[in-house]
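Novice: Would you mind keeping the following structure in view while I ask a few things?
Taken together, the values in this text are just the output of simple stated rules run on the coordinates, not laboratory data. Note that this is a predicted model, so its numbers are computed, not measured. Cβ atoms come from the backbone with ideal geometry, glycine included; neighbour counts cover every protein chain shown.
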Amino acid sequence: MKCEICGKEIEKSSYSSAILCSSECFGKHFWNEIVKDKNNRIIINGNCYVDGGNKPNAIHTSWLGFNGNKFNIEFFDGRKLTTNNLWSNGEVPKEYRKLLPDNAKLIR
């Protein structure tokens, strides 16, 4: 079998979601998938987030993104979002920043 990212021949993949040969290829695959889903991502100051859906009546806020803290977000196209279930995907790697530019800011 071949790694989906670099094409290297491998006997076995240690990753369940894709055939990948290394952690480097895993990282590239991770960010390639985010690029495909970029319309559902929130990019603020070079960091990528995804909204897990606001859960105002959650009993266990520790199960929510950022422990259930509330975030007010304004997208550069004017849309606004309030959520208490924001999840971080991490800092966008430099090689992906043109594909995943900032699209929002935090507001008070």
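Novice: Whose amide H sits under 5 Å from the amide H of N89, counting only residues 5 or more places off or on another chain, with H placed in the peptide plane?
Specialist: Amide H neighbours of N89, under 5 Å, 5+ apart: C48, Y49, V50.
Novice: Pull out a ≥ b ≥ c, the square roots of the eigenvalues of the alpha-carbon gyration tensor of the stretch 59-108, then state rounded if a/c is under 1.5, prolate if not and a/b is larger than b/c, and oblate in the remaining case.
Specialist: The shape class here is oblate.
Novice: Across the chain, what fraction of all alpha-carbon pairs, as a whole percent, falls in each successive 10 Å bin from zero upward?
Specialist: Answer for the chain: a P(r) of 14, 35, 29, 16, 5, 0 percent.
Novice: Could I ask something else about it? Say each of W87 and S17 gets a label point 7 Å from the Cα, pointing the same way as Cα to Cβ; how far apart are those two points in nm?
Specialist: 0.9 nm
Novice: Could you compute the FRET efficiency for D102 and E9, with r as their C-beta to C-beta distance and R0 at 30 Å, rounded to 0.05?
Specialist: 0.15
Novice: Just to check I understand the Karplus step: with θ = phi - 60° and J = 6.51 cos²θ - 1.76 cosθ + 1.60, what whole-Hz values come out for the stretch 26-31, glycine and proline as x?
Specialist: Whole-Hz 3J(HN,Hα) from phi for the stretch 26-31: 4, x, 5, 4, 4, 6.
Novice: Here is the link list: K2/K55; K2/K105; K12/K36; K2/K70; K8/K105; K28/K70. Which ones come out longer than 32 Å on Cα distance?
Specialist: Too far apart for the 32 Å limit: K2/K55; K2/K105; K2/K70; K8/K105.
Novice: Once fully extended, how much extra length lies between I44 and A58, figured as 0.36 nm per residue of separation less the alpha-carbon to alpha-carbon distance?
Specialist: 2.5 nm
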